[in-house]
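Values in this text are rule-based calculations from the coordinates and carry no lab data. Since the model is a prediction, treat every value here as computed from it, not as a measurement. Heads up, the Cβs are rebuilt from the backbone with ideal geometry, glycines too, and the neighbour counts pull from every protein chain shown.
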């Protein structure tokens, strides 16, 4: 889906990314510029290096200069990094469908289905049972 930005008239490409309960809405611009997450630079938002590397993995695989504004909500910082990662990959394939051949084998296009397992009745957590006592 290609739309036009309201203020500047720059064209951007929009996509969503999800991981656990986190949702990222990505606007990818084709001009060189900063990556902004929730009105903060991405380096400031993702302070842990592994989260920053995970979030920007799609841009490292695809050559080119891009900027993006990203809104991310829900979940923790690790889930948000995964959501941003998938959102950027999807936005890049909207921009250029040829990028899919690079991003799909790297596993960036597939949503990670793992989520917190629900607590079962009679158990303390999802799988932990109360301690067994013989007498």
Based on alpha-carbon centroids, what's the gap between segment 53-95 and segment 12-49 in Å, whole number please? 6
Any idea how far apart residue 40 and residue 132 come out in nm if each label point goes 7 Å out from Cα toward Cβ? 4.8
Shape descriptor, the chain: equivalent ellipsoid semi-axes (Cα gyration tensor, sqrt 5λ, whole Å, largest first) stand at 36, 15, 13
If you fit an axis through the alpha-carbon atoms of helix 77-95 and take the longest principal axis of the Cα set of the chain, what angle between them do you get, 0 to 90°, nearest 10? 40
Round to the nearest 0.05 the FRET efficiency obtained for residue 118 and residue 73 when R0 = 35 Å and r is the Cβ-Cβ distance. 0.95
What percent of all Cα-Cα pairs in segment 69-113 falls in each 10 Å bin, counting up from 0? 28, 51, 20, 1
For segment 2-103, what's the relative contact order in percent, using C-alpha pairs closer than 8 Å and at least 6 residues apart? 37
Pulled fully out, how much extra length does the chain show between residue 106 and residue 53, if you take 0.36 nm times their separation in residues and subtract their Cα-Cα distance? 17.7 nm
If you take every DSSP beta bridge whose two residues both sit in the chain, what share of them, in percent to the nearest 5, is antiparallel? 85
